[in-house]
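S.K.: Pasting a structure below so you can have a look.
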Amino acid sequence: MIAIVLISSILMAITTTLHYKNENQNYHHSRIERKEKSLQTHIQMMFEENNEIDSRDKAISLMKDKLKELSTVHKLTINLYKLDGSFYASSKNDTQTNKLGNSVINNLSNKAIYIKAVESNKLLEQTNLLSYSFIKFNNENLLILYLPYTHENTIFKSELENILINFGELYLFLLLGAVVFAYLVSRYITQSLKKISSVLNKTDLGKNKPFSWNSNDEIGKLVTAYNDMVAKLDESAILLAKSEREQAWREMAKQVAHEIKNPLTPMRLEVQLLERNATKLENEKDRKKVLDFTNGMILQIDTLSRIANEFSNFAQMPAQQLMKIDFSEFAQRFSKLHSHSSIKFNIEDKPMPVCIDEKQFSRVLNNLIKNSEQSIPKDRTADIQVNVKHLNEKILITISDNGIGISDKEKVKVFEPKFTTKSGGMGLGLGIVKNIIESIGGEISFNSAINIGTTFYIHIPKSNK
């Protein structure tokens, strides 16, 4: 705003100066033309009123006689030149001897009046104009009339200075107004941006709140974009934290499995050797004590081995051997393995092409069914249902039970590796299930109510290849 006002004021001053100079020049050109026409009219009337003027020579002589009178009446210095450019007479006493140049005569031949500007006298602040025209007698050129015209520039400069001062005062007022306006606008904009900047500086992973803005202007659009970015950032932070936790658990499970497995084999061999030597003892009581001890040790070693295997399986899932199969047929075969139990299978009898690893997906179903069975109290009749059906371009598998359910506090931890509601569990089963399902592009979710039951939903994509 300030720059616009400054530039416009400078351009206006330049334009005003040039325009005023042009107007001043046009005014003096018009003034000398009017004086020349007035003098020419006076001369022609003088020729017409004098009846004795009947020849060129008398007319020329009359002009010389009346020169002083004409100069006094019109307040002009009048110079007369012959048609060849030589000097004839002047209203001033000093005689003019300079001959007119050919350029003046040639220009005058094509014009009624020829006005020529000469160098200004800068010291005296004057501008000189020279006017040339033909004096005619009986419509023929008689003499060349030369009128010098000098005008003062002091008045012009004074008027121009006054105009520029007035413009300067006006633009100074506009400049001050522009400064105030620009300050208020910039303060309004920067205040809003400072507020946004303070919020942006506090942006952190998972600790952001939406920023409210009442206007739908450009800043409002910026705030909307920021809020969308924050929402995505928080989602990414949650996914990142979840991924980091799962990776940490895998690393821990891998290390635990390795540390447990190393001493198990020599421990088992030592116990088996002890068991073999115990059979050679003659004392029945001592032999029985040793054998009971070795059997207990082997049982505990097998338990540790099973735990190590579970940790190992969670830490590094084996590569899936994906094959295209009909899931409806696979589910029918799987249901026959549980025909002896109280589990009810409802399988839609339609082709369901999928690309899965049968062995690992059987592990998924077995794990979820086992969890359902273990969640049902002993005093309650089990009601476990497995449903398989089409759902758009996916296949939906639901496994529901009437168990004790999962509390709201525990729901967020269901798929975390350490989560379990069983006293003898390690909390790795559902983490493994989730990994297997997501590795084939599927999704798993659940609904649960305390003392009513839990339903797990598995969506797996159909194979179009």
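S.K.: If you put +1 on each Lys and Arg Cβ and -1 on each Asp and Glu Cβ, how big is the dipole of the range 17-118 around its Cα centre, in Debye rounded to 20?
M.R.: Charge dipole of the range 17-118: 440 debye, to the nearest 20.
S.K.: Okay, moving on. Any idea what the dipole of the range 4-56 comes to, in debye rounded to 20, about its Cα centre with Lys/Arg Cβ at +1 and Asp/Glu Cβ at -1? Could the numbers behind the result be given before it?
M.R.: Numbers: 6 positive and 7 negative charges, 90 e Å.
With only Lys, Arg, Asp and Glu charged at Cβ, the dipole is about 440 debye.
S.K.: Name the residue farthest towards the positive end of the dipole of the range 1-124 from the options His42, Tyr88, Val104, assuming +1 on Cβ of Lys and Arg, -1 on Cβ of Asp and Glu, about the Cα centre.
M.R.: Among His42, Tyr88, Val104, the one farthest towards the positive end of the dipole of the range 1-124 is Val104.
S.K.: Given the Cα-Cα distance of Ser362 and Lys462 and 0.36 nm per residue of separation, how much length would full extension add, in nm?
M.R.: Computed gain between Ser362 and Lys462 is 34.2 nm.
S.K.: Would you grab the residues whose amide H sits under 5 Å from the one on Ile384? Only those 5+ places off in sequence or on another chain, please, with H modelled 1.01 Å from N.
M.R.: Lys344
S.K.: Which listed residue (Ser55, Asn24, Thr72) has the Cα farthest towards the positive end of the charge dipole for the range 1-92, taking +1 on Lys and Arg C-beta and -1 on Asp and Glu C-beta about the Cα centre?
M.R.: About the Cα centre, the residue reaching furthest to the positive side is Asn24.
S.K.: In terms of modelled amide H atoms, which long-range or inter-chain residues lie less than 5 Å from the amide H of Phe134?
M.R.: Leu145
S.K.: Can you give the net charge of the other residues whose Cβ lies under 12 Å from the Cβ of Asp349, counting K and R as +1 and D and E as -1?
M.R.: Details: positive: Lys350, Lys389; negative: Asp326, Glu329, Glu348.
Net charge around Asp349: -1.
S.K.: OK, next. Residue-wise, which Karplus ³J(HN,Hα) couplings in Hz belong to the range 382-387, taking 6.51 cos²θ - 1.76 cosθ + 1.60, θ = phi - 60°, and x for glycine or proline?
M.R.: 5, 9, 10, 10, 10, 10
S.K.: First check a/c for the range 3-137, with a ≥ b ≥ c the square roots of the eigenvalues of its C-alpha gyration tensor; if it is under 1.5, answer rounded, and if not, answer prolate when a/b is larger than b/c or oblate otherwise.
M.R.: Values: a/c = 2.74, a/b = 2.45, b/c = 1.12.
Since a/c reaches 1.5 and a/b is larger than b/c, the shape of the range 3-137 is classed as prolate.
S.K.: Can you compute 3J(HN,Hα) from phi for each residue in the range 195-200, using the Karplus curve 6.51 cos²θ - 1.76 cosθ + 1.60 with θ = phi - 60°, rounded to whole Hz and x for Gly and Pro?
M.R.: Those phi angles translate into 5, 5, 4, 5, 5, 5 Hz.
S.K.: Is the range 322-364 rounded, prolate or oblate when judged by the Cα gyration tensor, a ≥ b ≥ c being the square roots of its eigenvalues, rounded requiring a/c under 1.5 and prolate requiring a/b larger than b/c?
M.R.: On the way: a/c = 2.98, a/b = 1.42, b/c = 2.09.
Oblate shape, in that a/c is at least 1.5 and b/c is the bigger or equal ratio.
S.K.: Can you list residues whose amide H is under 5 Å from Tyr88's amide H, if they're 5+ apart or on another chain and H is modeled 1.01 Å from N?
M.R.: When sequence neighbours closer than 5 places are left aside, the close amide H contacts are Leu80, Tyr81, Lys82.
S.K.: Quick one: pull the percent of accessible area on the range 6-73 belonging to carbon and sulfur, 1.4 Å probe, ligands and nucleic acids left out. Working shown, then result.
M.R.: Details: 2450 of 4550 Å².
The value for the range 6-73 is 54 percent carbon and sulfur by accessible area.
S.K.: From the phi angles alone, apply the Karplus equation (6.51, -1.76, 1.60; θ = phi - 60°) to the range 157-173 and give each ³J(HN,Hα) in whole Hz, x where the residue is Gly or Pro.
M.R.: Per residue, the Karplus-derived 3J(HN,Hα) values read 5, 5, 5, 5, 5, 5, 5, 5, 5, 4, 4, x, 5, 4, 6, 5, 4 Hz.
The values are calculated or read from the model by the stated rules, or taken from the named source; none is laboratory data. Everything numeric in this text was worked out from a predicted model, so none of it was measured. FYI the Cβ positions are ideal-geometry reconstructions off the backbone, even for glycines, and counts take in every protein chain you see. For accessibility, only protein heavy atoms count, side chains too; no ligands or nucleic acids. Shrake-Rupley method; radii C 1.70, N 1.55, O 1.52, S 1.80 Å.
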